[in-house]
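*Asks:* Take a look at this one; I'll ask things after.
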Amino acid sequence: MIHHSLYIELTEKKGKGVYTAEAIPEGFVIELSPVIVMKKEDRIHLDQTLLHDYIFEWGAEKDKCCMALGFIPIYNHSYKSNCEYFMDFEEETIFVKTVRAIEKGEELTINYNGDWDDETKVWFEVEADS
């Protein structure tokens, strides 16, 4: 399930991003998407490809990895994200929920550290104000 107002657009500096064509309230689930779960050993091979930047650690012990489907891999990172993602290991899904009201035309972002307000440096470079 992807909210009907979401669309993908090129950003000025980060490639593709997810945007909304209408305002969305705080605490609203905007996407629920399945994942493809893979063994930890598969990550060795994935890390040698472009997919390295699009896979998530998976499982309570983080002993697997997954490729999320839907728009999940397209959300850009921000330390001041306006959305948060949650993993359901049993159902093998990830869902994205807004952490504040979103304005029409605004880019939707997540914090790849897992918590929307976690300012721990991520493994890839992002702008200081993102």
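Rule-based calculations on the coordinates, nothing more; no lab input. The shown structure was predicted, so the numbers you read here are calculated from the model rather than taken from an experiment. For neighbour counting, all protein chains shown are included, and Cβ atoms are generated from backbone atoms with ideal geometry for every residue, glycine included.
*Asks:* Find the all-direction average of the projected area of the Cα convex hull for the chain, expressing the result in square nanometres with one decimal place.
*Replies:* 7.8
*Asks:* What list of ³J(HN,Hα) values in whole Hz, one per residue of segment 84-101 in order, does the Karplus curve 6.51 cos²θ - 1.76 cosθ + 1.60 (θ = phi - 60°) give from phi, with Gly and Pro shown as x?
*Replies:* Result, ordered by residue: 9, 10, 10, 9, 10, 5, 5, 7, 6, 9, 10, 10, 10, 10, 6, 9, 7, 5 Hz.
*Asks:* Please compute the modelled spin-label separation between GLU61 and ARG100, points set 7 Å along Cα→Cβ, answer in nm with one decimal.
*Replies:* About 3.9 nm, to one decimal.
*Asks:* With +1 on each Lys and Arg Cβ and -1 on each Asp and Glu Cβ, how big is the dipole of segment 6-110 about its Cα centre, in debye rounded to the nearest 20?
*Replies:* Approximately 280 debye in magnitude.
*Asks:* Using only helices, what value at 222 nm comes out for the chain when you add -39,500 (n - 2.57) per DSSP H run of length 4 or more and divide by the total residues, to the nearest 500 deg cm²/dmol?
*Replies:* Only helices count here, giving -1500 deg cm²/dmol.
*Asks:* Run the count for the chain, please: Lys pairs, Cα-Cα under 12 angstrom, 8 or more apart or on different chains.
*Replies:* Total qualifying Lys-Lys pairs in the chain comes to 4.
*Asks:* Which of GLU106, GLU61, GLU92 moves most in a GNM of the chain, Cα contacts under 10 Å?
*Replies:* In the Gaussian network model the winner is GLU61.
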